[in-house]
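What follows is a set of notes on a single structure, which appears directly below.
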Amino acid sequence: ADYPGTSLREMPVQLGKGPALVYKDSWTHYDRRIIDRLLDIAEANDIPVQRTIYPGFGSDGAALIRTGIPAVLLAVSTRYTHSAFEMLDERDLHGAFDLLRAFVTTDAAPLPLGPA
């Protein structure tokens, strides 16, 4: 989330700086192997990404990880989250789409399954 008047420490992502790859949230650590692959793909395709930790937020990814399925959180930054005025920067949304498209179409070695 991006809120005017807050610091990057409080809200560690910004609108217009690309989608965010989340290393950890309040529920789980995300799969570093997938994050590293996404970072490599983003760099190779000139897709800006933000790297962050979400200490006060959680996602449903923890449920997957508890069952042994590797997961990653790719977030699109928003401002005024969960309000009638929620907004995003379309460049971040397009960046997330471009990164996911490149991820599924890149010819690379399969990622290992199971815990990292």
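Each value in this text was obtained by applying a stated rule to the coordinates, not by laboratory testing. As the structure is a prediction and not an experimental result, all values here were calculated from the model. Counting neighbours? That spans all protein chains shown, and the Cβs are built from the backbone with ideal geometry, glycine included.
Distant-in-sequence amide contacts of I47, defined by a placed amide H-H separation under 5 Å and a gap of 5 or more residues or a different chain, comprise nothing. Near the amide H of K24, within less than 5 Å, lie the amide hydrogens of Y30, Y54, all on another chain or at least 5 residues away, with H placed in the peptide plane. The calculated FRET efficiency for the pair R66 and R33, based on their C-beta separation and a Förster distance of 25 Å, comes to about 0.90.
When both bridge partners sit in segment 20-103, DSSP labels roughly 55% of those beta bridges antiparallel. Expressed as an acute angle from 0 to 90° and rounded to the nearest 10, what is the orientation of the C-alpha long axis of helix 32-44 relative to the principal long axis of the chain? Once rounded, the angle reads 80 degrees. Classify segment 67-111 as rounded, prolate or oblate from the Cα gyration tensor: take a ≥ b ≥ c as the square roots of its eigenvalues, call it rounded if a/c is under 1.5, otherwise prolate when a/b beats b/c and oblate if not. Oblate is the answer for segment 67-111, as a/c is 1.5 or above yet b/c matches or exceeds a/b.
Label separation (E90 vs Q14): 2.2 nm, computed from points 7 Å beyond Cα along the C-beta direction.
With contacts taken as Cα pairs under 8 Å at a separation of at least 6 residues, segment 40-116 carries a relative contact order of 33 percent.
Angle of helix 90-105 to the longest C-alpha principal axis of the chain, folded into 0 to 90 degrees and rounded to 10: 0°. Were the residues from I53 through Y23 laid out at 0.36 nm apart, the gain over their Cα-Cα distance would be 10.2 nm. An oblate overall shape is assigned to segment 20-103, the ratio a/c of its alpha-carbon gyration tensor axes (a ≥ b ≥ c) being 1.5 or greater and a/b not exceeding b/c.
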